[in-house]
Every structure is written in C-alpha cells, then in structure tokens.
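The values are calculated or read from the model by the stated rules, or taken from the named source; none is laboratory data. Please read these numbers as outputs of a predicted model, since none were measured by experiment. Because the Cβ atoms are built from the backbone with ideal geometry, glycine has one as well, and the counts that use them run over all protein chains shown. Surface areas here come from the heavy atoms of the whole protein model, side chains and all, with no ligands, DNA or RNA. Shrake-Rupley method; radii C 1.70, N 1.55, O 1.52, S 1.80 Å.
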Amino acid sequence: MSRKSTKGKKKTTAKKVQKPAEVNAKIKEIKETKAVEVKVQETPVQAEKAEKTEISENRDKRDRAFVERFERHFDELKWLYIELYENDSMFAELCDNLYRFYEERRDGLKALDREREKDPSWYKSNELLGMMLYIDNFAGNMKGVEEKLDYIEKCSVNYVHLMPFLDTVEGRSDGGYAVADFRKVQEKLGTMEDLESLTESCHKKQINVCMDFVMNHTSEDHEWAKRARQGDGEYMSRYFFFNNDTIPNMYERTVPQVFPATAPGNFTWLPDAGHFVMTSFYPYQWDLNYKNPRVFNEMMYNFLFLANKGIDIVRIDAVPYIWKELGTQCRNLKQVHTIVRMMRIISEIVCPGVLLLGEVVMEPEKVVPYFGTVEKPECHMLYNVTTMATTWHSVATRDVGLLRKQLDIVNSLPKEYVFLNYLRCHDDIGWGLDYGTLGMEGKDERSHKKYLNDYFQGYAGDSVSRGELYNSDPVSGDARFCGTTASMCGVEKAGFEQNEDAMERAIQFDVMLHAYMFMQSGIPVLYSGDEIAQVNDYSYKEDWKKAEDSRYIHRGKLSWENAAKIDDPDTVEGKMFQRLSQLEKIRKEEKAFVSYADAWTMDTWDESTLAIGRYYDGDKIIGVFNFSEYDRMAWINEDDGLYEDLITGQKMQAVGVKVPAHGFYYLKKVE
Ligand code: GLC
C-alpha cells in the first residue's frame, strides 16, 4: 500500500516500502488540500476505497476525465504491478507520473481521446487504410513528409506508420530498431517539434500516425547502456549482465536465435566491461530487464512522452521477447501479458485515444493471446502474419488449400479482434506455415521452405519472382525471404526483359493480391512504393552500413520520378495506382468491408481459386481470386439471385464463375 489515509491506521495488502521523497511530498500536498475522513480500524476494502477516494477527490477538481479513468483501472493496475514487482513506492511513482503525463497532454489530443472513448470501435470500420514508410526514403525528413501529405491523401491512406525515427547510431541501427534516445528524433530526420507539427498536420487531414515503440532493448549507445558498460550497478541491473559464460550458456540451451546468420547467439561479450550482456537481436541491441521495476516505469514514461507528441497508434516492437526466464524459450511468457495489460491500462488512463499494435511474429495460437480477453484487453490490433506468409505459399504453389484453412481460423475469432493485413512489410518473410497440415499432404518442412525460397528467388521454372534470402542458416537449412510485392509478382523481371505482356500479367497479379488482401477483415496496410509497383533496390549492397542485411532490398527510396506518373494510365505506375485506387474506393464505400462483418471462405472445387464471402447488415459480397496464371473455373454455387461485379459493373450469377489468369471479382448481391 503506497498511500496512507489522513487519519487512522489501515491494514495493508502488500509490503510497506519506503516512499521516495517526491511521493511523500505529493501525498502531503493531497492531504493538505483535502482532508478525507476515514474511520479508525477500517477493513482492507474500506481502506483501499478511502485511499482511492482521497486521490480522486483531490484530482477531481483538476480533471474529471483522468480521475474517472484512474478509478476505473486502479485496482487492477495495482494488483498487477504489486504482483509482479512487490514495490509500493515504485507503484506510487508510476501513478504520480501518469497524472503528470496527462497534464502535459495537449487539449486537442485530450478532446480526441474523449471522442474515441465515446466510439471505442472507431478503428474497426472499413475506412482505415494504412501505409508504412521510412521517413528518409519517402521524403528526406519529417518536414518533407509533411509537405507530401497530399500524396498520402491521394493514395487514400489515412493511417501512416512512420518507421523508426528516434535517435540511433548509423551502422548500428537495425533500421532504427536500436534506439539510443527515446526522447530525441534522429538529427537527419528532424526534431521533436517537427514530429508534433507533422502529427498535427496529419490530424487536420484525418490521418492517424503510427510509430514504433522498441521496448525490448536499447541501443548500446543509450545512456543507460553507456553507464552499465562503465560498471555502474544501477544501470547494469537494467540489462542482463554476467561476468562469465555459465548462465549465458544455460540460456543458449533453450532460447532460439533471431538472427542465426547475421547475429548468432543471444549474448555478446564486452571485453572492456569484462561481462556478457544479453542481446537477442544484434550485438548492439541490449535486452532490457523488465524484472527491474525502474525499467518498466521509465519505459512507460517514454511511451507516454511519445504518445503525447500526437501519436495515434503505438506499435510495440518484438513484444513476445520482453520477459526472460532461464530454462524457457524467453518468448511469450506470462509476465509479458501482465506488462502489456498494464501498458493498455496506462494508456486507457492517460491517452485512451491511442491504440496498441502488437508485433507478434509467431504462429496463430501464440498471436491471439495478445488481444487479451474482451474484459481485459491487451493489444487493440495485431499483425495477420501467418495469413501473410500463407498467401505467398499459395502464390508459389497455386494451391489455396492451406490459405483457406488459415482464413477460416482467423474468421472464427471474436469480431472484436482487429488484424492488420499486409502483403509485405519492412521485414523478411519467415515461412511460419502450418507444417502439420502440409505434412499430411506429404510436404516436408525443410524441403518446402527450400522450394519457397528457390521459387521466390526466381529459380523454379515458372517463377516470375525476384528477391533475396535473409538469414540463411546452413545448419538448420532455414532461410527467410526479402523482396517487394511488385518484384515478387514479376514486375521487376518483366521490366528488365522489356516484355509488355509479362508486365500486364505482373500488374494484374499484384492488383489481384491487393484485392484479396482488402477482402480480409481488419485494416489493410500498404508498404510505401507498392502503390506504384516499386521493385527491389539492390543499392544497399554498396553501403557498408546495410550490405549485410538483405531486408534493405525492399526498403528502397521512393522514386518520385515514378510517382509522378500515377495519373498516366499508360504507365506501370499509373496502371497500378489507378486500379488500387478503385479497390480502395470500393472498400471504403461498401459496408460489407467493416472489420466486424461476417466473413467466411467457400468451396470452389478448384485448388487455385479462393472465394471469400462477407456479409453485413443486408449487404453481401463474394470475392473470387485466381492464384494461377491460367484461367480457372471457380465452382461456387451461390444460387441466391443476381450479383454485380463491383469492378466492371457486369451483372452475373455467382454460380460456376470463370476467372481469368490472376483475375478476381468483387461480386455484390443486387437482387
Ligand atoms: C522487429 C522489427 C525488426 C527488428 C526487430 C528488432 O521485429 O520489425 O525490423 O529487427 O524487431 O528490434
């Protein structure tokens, strides 16, 4: 129990811990401004209530909204915190700081919070379309992005994910995921003021802003890491330090490797410090020790500081990794969920308009728990990662069977859950497929992965894809894959060969995949450049800071020269852009695309065609997608009236639908 009532004794449920001076002063201030009568010898429940009343009555005058939220969540937050940390004074400090960050929050953001609180499903409509972009690749710096908001609007995008932009050291940045200062923007990209100005301009255009919160680790150039390296125990305790390899070796027995080829192992020896430090990712990314409540509190302050800059969506990077226990895989441990739940509560109290997006690149049964429960939610949104990987499997095999199974799993989940759907992102594609099912078809995991990697590198005879392997591990035979959507669909090959027919086919394929992706429940997110079918960029090989990491192949600079062609329907860019725009328009206009609509897959009796149905409030749409380079017949049998293809306006029956090579239909029931 951290706060005492003004009078009398009270029983406490947790150990009494010396409070820091600041907290004592705060309590004194509260006592002086408002005396609350509390009966002597009260029960723990009464004491707890009195404590809350005391806090709330004093703050009530200052802000009702905060007090109401704080009251609503206090019991649970305290329970979780004390259970994890058994540290009252740190909890008291956290509570004080929640108010401080609330006070600092701009009025405009508070108004938005209240609006979103009234309509908590605001992000579940069919109106959101995302785009992820690296600020420098897109427009040089933050000011540049602000100047290009008209282009973002023209792309129908109203959710822009600004890839990591916080301070990092070039050459040791992992694409910005090694943060050296959570309160400073990389100099080349701008300042915190620029960020605020950008988020304000975005909000004026109804564009939501997403940023990464890299909470699993800091860069070795972070202030804490520097002090830890110098032997300061206080800071060493914020990481995992060991003066010999005994415990690191014990961890290595059970903890898998994230980057087996580019950064093997989970520990790094620091010769100057004479210690090993835990580094699950690159050696310059030091894992934070969340067993230390100081780490949790400070990281929550960083999170709130950033949220207060006008961020709408916080992507929690590598979230499954944040809690470590010897003898486990150090992934998805139950304490991770306690922390994410606390983070959700903290944001509900201070900035309830902010959404949490969890980056959980794992198999479906590990992903879904990050939504929490309907009563105790954790993340608002999660990446639909298995669907993404299975989509590319279907591309390489022309067989949609596994994809259909995966979509059925997703469609059977509660409609409250919102997935972020995507074809490509800034990372590699890891082949996390349902090998149990593939095994029953006689497909062996190792050889299947090899086939997929060969296929997408363009080695298989009928492949039009181009791209490169990532973290190819000769021991396990495992490798992941990198390339842009357009390159994987054949745009790069057709362009190189100057083959116009092949180019038409590649664009058709690319558009079909987007049409299918838009048909899934959730929020579609494009990768910057996909709207103009941008291909792989091999120039990273000439830059020593990037050469080792093939993910840079799909992180090229946006070509504004090509983007200038979007209005010209005779160009690749114009064709791609205009056809995507049509799909985006349909998706936003048709209510059957809302995230909470009924969605299901249908039999087509054809292994290459996928049929997805959506129904909401009297509207029914059936999407039919051909994953092969041949015309196919989808034997759907929806004999319930006339349908209209929303793309061409053609009226037809949804019975035995002939779908051209890589073609698709959006069939809406009209009669
Ligand atoms: C996430 C990012 C990835 C990064 C890793 C380490 O998985 O998406 O790019 O390498 O976290 O921070």
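Surface composition of the chain: carbon and sulfur make up 49 percent of the accessible area, probe 1.4 Å.
Compared with the alpha-carbon gap, the fully stretched path from K334 to D603 is longer by 92.9 nm at 0.36 nm per residue. Ranked from largest, the principal axis spans of the Cα set of region 410-465 equal 43, 31, 18 Å.
Here the chain is treated with +1 on each Lys and Arg Cβ and -1 on each Asp and Glu Cβ, and its dipole about the Cα centre works out to around 2700 debye. Among the chymotrypsin sites (Phe, Trp or Tyr not before Pro) in region 521-570, those placed in a DSSP loop whose Cβ has at most 15 other Cβ atoms within 10 Å are W544. From its DSSP helices (H runs of at least four residues, each -39,500 (n - 2.57)), the chain gives a residue-normalised ellipticity at 222 nm of -12000 deg cm²/dmol. Between the Cα long axis of helix 64-85 and the first principal axis of the chain there is an angle of about 90°, rounded to the nearest 10.
Across the chain, Cα-Cα pairs more than 33 Å apart make up 51 percent of the total. Per residue, region 604-657 exposes an accessible area of 44 Å² to a 1.4 Å probe, with every protein chain left in place.
For the cross-link pairs K118/K591; K450/K546; K366/K415, which exceed 23 Å when the distance is taken from alpha carbon to alpha carbon? Too far apart for the 23 Å limit: K450/K546. A dipole drawn for region 101-204 from +1 and -1 charges on Cβ atoms has a positive end, and of L129, G140, P164 the residue lying farthest that way is L129. For a straight C-alpha distance cut-off of 13 angstrom, the aspartates and glutamates reachable from K541 (same-chain residues fewer than eight places away being disregarded) are E468, D549.
Kindly express, to the nearest 10 degrees and within the range 0 to 90, the angle between helix 445-457's C-alpha long axis and the longest C-alpha principal axis of the chain. Rounded to the nearest ten degrees, it is 70.
With 18 Å as the limit, the listed pairs K226/K324; K585/K668; K124/K575; K226/K309; K148/K557 have K226/K324; K124/K575; K226/K309 beyond it between alpha carbons.
Taking 0.36 nm per residue of separation and subtracting the current Cα-Cα distance, fully stretching the chain between R446 and E416 would add 7.2 nm. Accessible surface computed residue by residue for region 184-270, with neighbouring protein chains in place and a 1.4 Å probe, gives 43 Å² per residue. Straight-line cross-link partners of K443 among the aspartates and glutamates, defined as a Cα under 15 Å from its Cα and at least 8 positions apart when in the same chain: D399, D434. The Rg/Rh ratio of region 519-671, with Rg taken over Cα atoms and Rh as the Kirkwood radius over Cα pairs, comes to 1.07.
The calculated FRET efficiency for the pair E497 and D640, based on their C-beta separation and a Förster distance of 56 Å, comes to about 0.80. Surface exposure of region 359-450, expressed per residue as accessible area with a 1.4 Å probe, stands at 37 Å². Highest mean packing first, where packing is the average number of other Cβ atoms within 10 Å per residue, the peptides 167-177, 475-485 line up as 475-485, 167-177. Counting only DSSP beta bridges whose two residues both lie in the chain, roughly 65 percent are antiparallel. To the nearest ten degrees, helix 293-307 and the longest principal axis of the Cα atoms of the chain are 60 degrees apart.
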